[in-house]
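**Student:** Provided herewith is a single structure, encoded as C-alpha coordinates, for subsequent inquiry.
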Amino acid sequence: MRTGTRTDSGFTLIEIVVVVAIIAVLTGVIIASINPVQLTAAKKAAVNTRDALLTGKQYALTRGNNGTYMVINKGNDLTADFYVNGSKVDTETVSTRKLNVKFNDGSADLSGDSLYISFDKGSGAPKLFYTGSSYDTTKEHSDSKTRSITITGGGVTYELTVSGLTGRVDMVRQ
(Lines give C-alpha, C1' and ligand atoms only; values in the text may rest on other atoms or scores of the structure.)
Protein backbone atom coordinates (compact mmCIF):
# COMPACT_ATOMS: atom_id res chain seq x y z
CA MET A 1 0.00 0.00 0.00
CA ARG A 2 1.23 3.49 -0.84
CA THR A 3 1.65 6.02 1.89
CA GLY A 4 1.93 9.24 -0.20
CA THR A 5 5.69 9.79 0.07
CA ARG A 6 7.71 10.22 -3.08
CA THR A 7 10.32 7.57 -3.68
CA ASP A 8 11.73 8.72 -7.05
CA SER A 9 14.92 10.78 -6.80
CA GLY A 10 14.79 12.67 -10.15
CA PHE A 11 14.63 16.41 -10.75
CA THR A 12 11.50 18.19 -11.83
CA LEU A 13 11.41 20.29 -14.99
CA ILE A 14 11.09 23.47 -12.92
CA GLU A 15 14.26 22.67 -10.95
CA ILE A 16 16.24 22.06 -14.15
CA VAL A 17 15.00 25.32 -15.73
CA VAL A 18 15.95 27.30 -12.60
CA VAL A 19 19.48 25.82 -12.53
CA VAL A 20 20.01 26.52 -16.25
CA ALA A 21 18.77 30.11 -15.78
CA ILE A 22 21.18 30.67 -12.87
CA ILE A 23 24.10 29.32 -14.92
CA ALA A 24 23.17 31.58 -17.85
CA VAL A 25 23.04 34.67 -15.62
CA LEU A 26 26.41 33.85 -14.02
CA THR A 27 28.00 33.25 -17.44
CA GLY A 28 26.72 36.61 -18.67
CA VAL A 29 28.12 38.40 -15.63
CA ILE A 30 31.53 36.74 -16.02
CA ILE A 31 31.76 37.57 -19.74
CA ALA A 32 30.71 41.16 -19.10
CA SER A 33 33.43 41.53 -16.46
CA ILE A 34 36.21 40.02 -18.62
CA ASN A 35 35.66 42.25 -21.70
CA PRO A 36 36.63 45.55 -19.96
CA VAL A 37 39.84 43.89 -18.73
CA GLN A 38 40.78 43.01 -22.32
CA LEU A 39 39.84 46.51 -23.51
CA THR A 40 42.05 48.01 -20.82
CA ALA A 41 44.93 45.69 -21.77
CA ALA A 42 44.76 46.79 -25.42
CA LYS A 43 44.69 50.48 -24.49
CA LYS A 44 47.54 50.08 -22.00
CA ALA A 45 49.62 48.22 -24.61
CA ALA A 46 48.95 50.97 -27.17
CA VAL A 47 49.92 53.72 -24.72
CA ASN A 48 53.05 51.82 -23.66
CA THR A 49 54.00 51.23 -27.32
CA ARG A 50 53.55 54.94 -28.07
CA ASP A 51 55.75 55.79 -25.10
CA ALA A 52 58.37 53.26 -26.26
CA LEU A 53 58.37 54.80 -29.75
CA LEU A 54 58.89 58.24 -28.23
CA THR A 55 61.72 56.86 -26.07
CA GLY A 56 63.35 55.31 -29.15
CA LYS A 57 63.01 58.59 -31.00
CA GLN A 58 64.58 60.41 -28.04
CA TYR A 59 67.52 57.98 -28.02
CA ALA A 60 68.07 58.63 -31.74
CA LEU A 61 67.79 62.41 -31.40
CA THR A 62 70.16 62.64 -28.44
CA ARG A 63 72.59 59.77 -29.10
CA GLY A 64 71.98 59.23 -32.79
CA ASN A 65 74.40 57.32 -34.92
CA ASN A 66 74.20 54.21 -37.08
CA GLY A 67 73.97 51.91 -34.07
CA THR A 68 71.04 53.60 -32.28
CA TYR A 69 67.71 51.85 -32.85
CA MET A 70 64.85 50.01 -31.17
CA VAL A 71 63.23 46.63 -31.69
CA ILE A 72 59.59 45.84 -30.89
CA ASN A 73 59.19 42.11 -30.29
CA LYS A 74 55.81 40.41 -30.36
CA GLY A 75 56.02 37.05 -28.69
CA ASN A 76 54.40 35.90 -25.47
CA ASP A 77 55.05 39.43 -24.18
CA LEU A 78 55.21 42.60 -26.25
CA THR A 79 58.58 44.20 -25.53
CA ALA A 80 60.73 47.08 -26.77
CA ASP A 81 64.52 46.80 -26.75
CA PHE A 82 66.69 49.91 -27.10
CA TYR A 83 70.20 49.86 -28.59
CA VAL A 84 72.86 52.58 -28.53
CA ASN A 85 76.05 52.05 -30.54
CA GLY A 86 74.83 48.52 -31.27
CA SER A 87 74.60 47.52 -27.58
CA LYS A 88 71.34 46.92 -25.73
CA VAL A 89 70.82 49.61 -23.08
CA ASP A 90 67.23 48.99 -21.97
CA THR A 91 64.20 46.73 -22.35
CA GLU A 92 60.61 47.73 -21.65
CA THR A 93 57.76 45.26 -21.32
CA VAL A 94 54.91 46.86 -23.25
CA SER A 95 52.29 44.19 -22.50
CA THR A 96 52.16 40.79 -20.83
CA ARG A 97 48.82 39.89 -22.42
CA LYS A 98 48.48 38.10 -25.75
CA LEU A 99 47.28 40.73 -28.22
CA ASN A 100 47.07 40.85 -32.00
CA VAL A 101 49.83 43.21 -33.21
CA LYS A 102 50.40 44.15 -36.87
CA PHE A 103 53.05 46.33 -38.48
CA ASN A 104 52.52 48.36 -41.67
CA ASP A 105 55.20 50.28 -43.56
CA GLY A 106 52.74 52.64 -45.28
CA SER A 107 52.03 50.48 -48.31
CA ALA A 108 51.87 46.90 -47.07
CA ASP A 109 51.54 44.82 -43.93
CA LEU A 110 54.85 43.53 -42.64
CA SER A 111 55.08 39.96 -41.44
CA GLY A 112 57.47 39.01 -38.70
CA ASP A 113 57.82 39.04 -34.95
CA SER A 114 60.47 41.79 -34.62
CA LEU A 115 60.09 45.35 -35.89
CA TYR A 116 63.30 47.39 -36.25
CA ILE A 117 63.00 51.17 -36.00
CA SER A 118 65.51 53.98 -35.95
CA PHE A 119 64.81 57.67 -36.31
CA ASP A 120 66.69 60.38 -38.21
CA LYS A 121 68.86 62.41 -35.83
CA GLY A 122 67.82 65.74 -37.38
CA SER A 123 64.10 65.37 -38.07
CA GLY A 124 62.97 62.45 -35.92
CA ALA A 125 61.52 60.73 -39.02
CA PRO A 126 61.85 56.94 -39.15
CA LYS A 127 64.93 55.83 -41.12
CA LEU A 128 64.28 52.15 -40.51
CA PHE A 129 60.88 50.49 -40.16
CA TYR A 130 61.02 46.84 -41.18
CA THR A 131 60.59 43.34 -39.81
CA GLY A 132 63.48 40.96 -39.81
CA SER A 133 65.88 38.98 -37.72
CA SER A 134 68.69 41.52 -37.38
CA TYR A 135 69.53 45.22 -37.61
CA ASP A 136 70.32 46.17 -41.22
CA THR A 137 71.19 49.76 -42.22
CA THR A 138 70.81 48.89 -45.93
CA LYS A 139 67.03 49.05 -45.36
CA GLU A 140 67.18 52.77 -44.51
CA HIS A 141 64.73 54.98 -46.36
CA SER A 142 63.93 58.68 -46.61
CA ASP A 143 60.34 58.88 -47.76
CA SER A 144 57.28 60.56 -46.26
CA LYS A 145 55.10 57.45 -45.85
CA THR A 146 53.21 57.12 -42.60
CA ARG A 147 53.99 53.84 -40.89
CA SER A 148 51.73 52.16 -38.36
CA ILE A 149 51.44 49.62 -35.58
CA THR A 150 47.97 48.17 -34.94
CA ILE A 151 47.11 46.58 -31.58
CA THR A 152 43.85 44.63 -31.20
CA GLY A 153 42.45 43.07 -28.04
CA GLY A 154 39.02 42.62 -26.49
CA GLY A 155 37.24 43.67 -29.67
CA VAL A 156 38.91 47.10 -29.82
CA THR A 157 41.74 48.25 -32.10
CA TYR A 158 44.28 51.00 -31.53
CA GLU A 159 46.44 52.29 -34.35
CA LEU A 160 49.73 54.05 -33.73
CA THR A 161 51.01 56.05 -36.68
CA VAL A 162 54.54 57.36 -37.12
CA SER A 163 54.93 60.29 -39.52
CA GLY A 164 57.49 59.73 -42.26
CA LEU A 165 58.36 63.45 -42.24
CA THR A 166 58.67 64.32 -38.55
CA GLY A 167 58.50 61.07 -36.60
CA ARG A 168 55.40 62.29 -34.76
CA VAL A 169 53.57 59.41 -33.06
CA ASP A 170 49.76 59.52 -32.90
CA MET A 171 47.38 57.01 -31.31
CA VAL A 172 43.79 56.54 -32.50
CA ARG A 173 41.11 54.10 -31.36
CA GLN A 174 39.53 52.47 -34.41
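The values are calculated or read from the model by the stated rules, or taken from the named source; none is laboratory data. Quick caveat: nothing in here was measured; it's all calculated off a predicted structure. No Cβ is skipped: glycine too gets one built from the backbone with ideal geometry, and neighbour counts run over all protein chains shown. Surface accessibility is based on the protein's heavy atoms, side chains included, excluding ligands, DNA and RNA. Shrake-Rupley method; radii C 1.70, N 1.55, O 1.52, S 1.80 Å.
**Student:** Counting pairs of alpha carbon atoms under 8 Å apart in space and at least six apart in sequence, what relative contact order in percent does the range 63-158 give? Each step should come with its number before you reach the end.
**Tutor:** On the way: 182 pairs, mean separation 23.3, N = 96.
24 percent.
**Student:** Evaluated at 10 °C with a viscosity of 1.306 mPa s, what Stokes-Einstein diffusion coefficient in µm²/s does the chain have when Rh comes from the Kirkwood expression over alpha-carbon pairs? Intermediate results must be reported in sequence, preceding the final value.
**Tutor:** Values: Rh = 18.6 Å.
Estimated via Stokes-Einstein, D reaches 85 µm²/s.
**Student:** If the chain between Ser123 and Thr93 were fully stretched, how many nm would it gain, using 0.36 nm times the residue separation less the Cα-Cα distance? Mind showing how you got there, number by number?
**Tutor:** Working: separation 30, 0.36 × 30 = 10.80 nm, distance 2.69 nm.
Additional length available on full extension: 8.1 nm.
**Student:** Enter the angle in degrees (range 0 to 90, nearest 10) between the Cα long axis of helix 13-63 and the first principal axis of the Cα atoms of the chain, meaning the one along which they spread out most.
**Tutor:** 10 degrees
**Student:** Continuing with the same structure: Please build a GNM for the chain, connecting alpha carbons under 10 Å apart, and tell me which residue among Ser123, Ser95, Ser114 fluctuates the most.
**Tutor:** Highest fluctuation among the options: Ser123.
**Student:** Still on this model: For the pair Asn100 and Thr137, what calculated FRET efficiency results from E = 1/(1 + (r/R0)^6), where r is the Cβ-Cβ distance and R0 = 22 Å, to the nearest 0.05?
**Tutor:** On the way: r = 30 Å, r/R0 = 1.36.
That pair, Thr137 with Asn100, gives E of 0.15.
**Student:** Checking the a/c ratio against 1.5 first, then a/b against b/c, what shape does the Cα gyration tensor give for the range 108-152? Don't skip to the end; give the middle numbers.
**Tutor:** Details: a/c = 1.98, a/b = 1.29, b/c = 1.54.
It comes out oblate by the Cα gyration axes.
**Student:** Whenever you get a sec, compute what percent of the accessible area on the range 1-149 sits on carbon and sulfur atoms (1.4 Å probe). Intermediate results must be reported in sequence, preceding the final value.
**Tutor:** Working: 4940 of 9040 Å².
That share works out to 55 percent.
**Student:** Defining a contact as two alpha carbons under 8 Å apart and six or more residues distant in sequence, what relative contact order in percent does the range 4-142 show?
**Tutor:** Details: 183 pairs, mean separation 24.5, N = 139.
Across the range 4-142, relative contact order equals 18 percent.
**Student:** Calculate the dipole size of the range 48-174 relative to its Cα centre from +1 charges on Lys and Arg beta carbons and -1 charges on Asp and Glu beta carbons; express the result in debye to the nearest 20.
**Tutor:** Working: 15 positive and 14 negative charges, 34 e Å.
Taking the Cα centre of the range 48-174 as origin, the dipole is about 160 debye.
**Student:** Between Ala108 and Asn73, what is the FRET efficiency for a Förster distance of 22 Å, r being their Cβ-Cβ separation, to the nearest 0.05? Mind dumping the intermediate values first?
**Tutor:** On the way: r = 21 Å, r/R0 = 0.94.
Rounded to the nearest 0.05, the efficiency is 0.60.
**Student:** Turning to a different aspect of this structure: I'd like to check one number: the per residue accessible area of the chain, probe 1.4 Å, reported in Å² as a whole number. Mind dumping the intermediate values first?
**Tutor:** Working: 10240 Å² over 174 residues.
Averaged over the residues of the chain, the accessible area is 59 Å².
**Student:** Ok, one more. Enumerate the whole-percent occupancy of each 5 Å bin, from 0 to the last occupied one, for all C-alpha pair distances of the range 86-174.
**Tutor:** Per 5 Å bin, starting at zero, the Cα-Cα P(r) for the range 86-174 comes out as 3, 13, 22, 25, 21, 12, 4, 1 percent.
**Student:** So how far apart, in nm, are the two label points at Asn85 and Ala24 if each is 7 Å from Cα heading toward Cβ?
**Tutor:** That separation, rounded to one decimal, is 6.8 nm.
**Student:** Let me ask something else about it. Need the C-alpha centroid separation for the range 47-106 versus the range 133-174, integer Å.
**Tutor:** Each part reduced to its Cα centre gives a spacing of 12 Å.
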